[in-house]
Amino acid sequence: MYDLRLLSAFAQSVRSGSFTEAARVLRCSPGAISKNVARLEHELGIRLFNRTTRQLSLTEEGAELHDAISRSLAELERAEDIAATARGTVEGTVNLALGSAFGKSQLLPRLPRLLERHPRLRVEIAFTDDCGDLVANGHDLAVRSGAPDDSRYICRRLHRLPLKLVASAVHVERHGAPQHPEDLSHRDCINVRHGDTECSWLFRRRDCQDHIPVLVQPQCRIIITQQIEAVVDAALSSLGPTVIDSHAARPHLETGALVELLPEWEVESAIEGGSDLYIIYPHRHYLPLRIRAMIAFLVEEFAEGMTAPNVPIAMDHRIADRRMP
């Protein structure tokens, strides 16, 4: 019977692709991970990884071992979960990845209700505009805008983000307000980029459902790639028009610092589903109780929408629409 710590260190190293990342997920030192894997190799009498200074790859024997133990480790987690359910408790740690704007302005103020409901639950939050590979990064679930076109994930729609086209009052005074969405193609705008893709905006007239939508790829000299909430700061600095969620715009519209442009037009992400918030989590044989409790909490909390934050929600425009049945 092999030490569970050794098997866990090995399995997480496979998922994360490095000892350093595995150590971060398991909250220990890279040296401890390396030592545990080396000890497992010694006990088994085989090499599990091919190691270089930059890469960690499974040997044929390592791949066979990983296949053999993966289901057993999942079943062990399920057994622990069954015991917790029998005790009537939700316990353990949920590793959650959130866009920084959504996490700070929307989820953190609501978390006390979750922790009061489940006193033995622990939440570890990564505030990031790009959660990457959930499994490799050790995240149980994420809340993102848009659903990734990746069959490894289950995606559940949480909320629709209403968007507005805005600019600072100073910018409008200097340059005037656009009269048509196509005017945006001839002025400097503020945009966001995820990966290699810049956002496109789709406009529809509110008073005419049969009107042909207008697709705009704005001209931009300012492009925000990280810390997407900075798009509001850029707009307030009079750097140009931009599209942000209505909740983020509201306090600045009320003070007059921002002005809504083209209010007779509805604007959304040009990618279907790109303006929607999703709960995203990996496919797995068994979904632990702690994760099910977090999903239920998120659905319950945001069933009626969101409150007005002071920062915008990051929109992910790399994705294609993918809905959970």
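Computed from the coordinates by the stated procedures, all read-outs in this text should not be read as laboratory data. For clarity, every value in this text was computed on a predicted model and none was experimentally measured. Using ideal geometry, Cβ is built from the backbone for each residue, glycine included, and neighbour counts are taken over all protein chains shown.
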Highest mean first, how do 204-217, 18-31, 155-168 rank when packing is the count of other Cβ atoms within 10 Å averaged over residues?
155-168, 18-31, 204-217
So how far apart, in nm, are the two label points at Glu60 and Asp3 if each is 7 Å from Cα heading toward Cβ?
3.0
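What does the charge count around Ala257 come to, taking other residues whose C-beta lies under 14 Å from its C-beta (Lys +1, Arg +1, Asp -1, Glu -1)? List each step's numbers first, then the result.
Values: positive: Lys164, Arg250; negative: Glu173, Asp233, Glu254, Glu260.
Taking every Cβ under 14 Å from that of Ala257, the sum is -2.
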Checking rank on 229-235, 5-11, with mean other Cβ inside 10 Å and highest first, the result is 229-235, 5-11
